[in-house]
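Structure, as structure tokens:
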Amino acid sequence: MVKASAPGKCILFGEHAVVYGQPAVACSINQRIIVELEEETKFDSWRLDGAILNLSKHPHIRFLRDNLWPEGQNPPLKIRIRGTLPPASGLGSSAALSVALVAALQQLRQEELNPGIAGSLSHQAEAFAQGGRASPIDTTTSALGGFIVLSDTIERSLNHIGERTLQNQDDSTTWQLHSFESKIPEDTYLVIGNTGIRGSTSKQVSKVAALLSEEPERQVEIEAIGSIARKGIKALRTGNMELVGKAMTENHIVLRSLGVSSPELERLIKAAAPSSLGVKLTGSGGGGCMIALTKDPERTVGAIEMEGGRAFISPFNTPGVRIETLSSQDNSRQ
Ligand code: MEV
């Protein structure tokens, strides 16, 4: 058996606009997805958590299986997925699943863990699953951990770590990937509040695409998110948390105007705001999660939970994809 894990992420600035090349920044969080793989010896088809793997429900797994473990050439596998990252909540659970699955398949192929390849293959899997539109922000952050910035140009003030291109039917998009060290003070935390309502990234991404095609002048809102993200990244690098918080709240107002918030997200955001430096939805919206930057995390968690949300505190700078060592319990299950 092999076992790998990868973290979820939250987007601090720039979701949705990043699909159109604007800068965005995400950071890894302390909730992870764990993937265990083992050869299937009893049945001649792949299994997921004990049941036959339904490939139409799991396009990411289909893409990665076809690319790394093609049928006919390899024995079927048993996949077991565990972890603390809620699905369809804007925290990058499908990206973390893809990244951890690539790492586990790399191990089964007796290759060294390669987070760069895990990130790029997982991005292609996300694009396949989202009908061709997906930025590499979730997959890169999950693979590498820490703070990741995407932009359509090389940002000279950041560490440039590579680029990703996505070829669609009639166009292609290239994102430049960067990392940076943040000077976030130790007394500042991220609180993540979950509405418990599942959102669909592909639906939300299509909703924004439809809005922009019906009302092309709304492109200014996409550009506004880009300039807020630049301001926010600068403030994160210099450790100016008041400015980071202000930019987060501004970013949320534009996302709300694009139609990707929801009444439930708005309730949690309103509850968290008085104890926070800044609040916004995170990820694709429509449900899922909001984030708050706060120096009083217990109070912020309490306020979110009073409104019916589930909340947790995440530190910054949590590690990216890794191979997990097998415990004696894992070994006895084999
Ligand atoms: C999803 O976490 C973030 C979006 O910007 C989609 C993407 O970047 O592919 C909404």
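The values are calculated or read from the model by the stated rules, or taken from the named source; none is laboratory data. Note that the structure is a prediction, hence the values are computed from the model and not measured. Glycine also receives a Cβ, built like all others from the backbone with ideal geometry; neighbour counts cover every protein chain displayed.
For region 294-308, residues that are under 19 Å from GLU264 (Cα atoms) and either in contact with a Gly (Cβ under 7 Å, 6 or more places away or on another chain) or of a type in the set (Lys, Arg) (or both) total 1. Tallying residues that are touching a helix residue (DSSP H, G or I) at 6+ places or on another chain (Cβ under 7 Å), among the hydrophobic types (A, V, I, L, M, F, W, C) and within 16 Å of the ligand (Cβ to nearest atom) within region 28-54 yields 1.
Tell me, yes or no, whether region 262-282 has at least one residue that is within 16 Å of the ligand (Cβ to nearest atom) and surrounded by fewer than 23 Cβ atoms within 10 Å (Cβ to Cβ). Within region 262-282, one or more residues are within 16 Å of the ligand (Cβ to nearest atom) and surrounded by fewer than 23 Cβ atoms within 10 Å (Cβ to Cβ).
Please tell me if SER284 is in contact with a helix residue (DSSP H, G or I) (Cβ under 6 Å, 6 or more places away or on another chain), hydroxyl-bearing (Ser, Thr, Tyr) and at pLDDT 95 or above. Answer is no for this residue. Summed over region 6-57, the residues that are surrounded by fewer than 20 Cβ atoms within 10 Å (Cβ to Cβ) and at negative phi give a count of 20. Kindly provide the set of residues from region 270-309 that are under 20 Å from the mean Cα position of the chain (by Cα), among the hydrophobic types (A, V, I, L, M, F, W, C) and either part of a helix (DSSP H, G or I) or within 19 Å of ALA224 (Cβ to Cβ) (or both), ordered by number. Of everything in region 270-309, those that are under 20 Å from the mean Cα position of the chain (by Cα), among the hydrophobic types (A, V, I, L, M, F, W, C) and either part of a helix (DSSP H, G or I) or within 19 Å of ALA224 (Cβ to Cβ) (or both) turn out to be VAL279, LEU281.
Pairs linking a residue in region 128-143 that is under 22 Å from ILE34 (Cβ atoms) to a residue that is among the aromatic types (Phe, Trp, Tyr) and part of a helix (DSSP H, G or I), with Cβ atoms under 9 Å and 6 or more positions apart or on different chains, are ALA129/PHE63. Looking at ILE137, ILE225, ILE148, just one residue is assigned by TED's automatic domain parsing to the domain that holds GLY239, in contact with a strand residue (DSSP E or B) (Cβ under 8 Å, 6 or more places away or on another chain), of a type in the set (Val, Ile, Thr) and within 15 Å of the ligand (Cβ to nearest atom), and that residue is ILE225.
Out of everything in region 117-134 that is over 17 Å from ALA4 (Cβ atoms) and hydrophobic (A, V, I, L, M, F, W, C), what residue ends up being farthest from the ligand (Cβ to nearest atom)? Top of the filtered list is PHE128. Of all the residues in region 193-234, those that are touching a helix residue (DSSP H, G or I) at 6+ places or on another chain (Cβ under 7 Å), of a type outside the set (D, E, K, R) and either farther than 19 Å from ILE148 by Cα or modelled with pLDDT under 95 (or both) number 9. Just one of (1) modelled with pLDDT of 95 or more; (2) in contact with a helix residue (DSSP H, G or I) (Cβ under 7 Å, 6 or more places away or on another chain) fails for SER182. It is (1).
Confirm whether LEU85 is more than 12 Å from the ligand (Cβ to nearest atom) and hydrophobic (A, V, I, L, M, F, W, C). Reasoning before the result, please.
Working: more than 12 Å from the ligand (Cβ to nearest atom): yes; hydrophobic (A, V, I, L, M, F, W, C): yes.
It is true that LEU85 is more than 12 Å from the ligand (Cβ to nearest atom) and hydrophobic (A, V, I, L, M, F, W, C).
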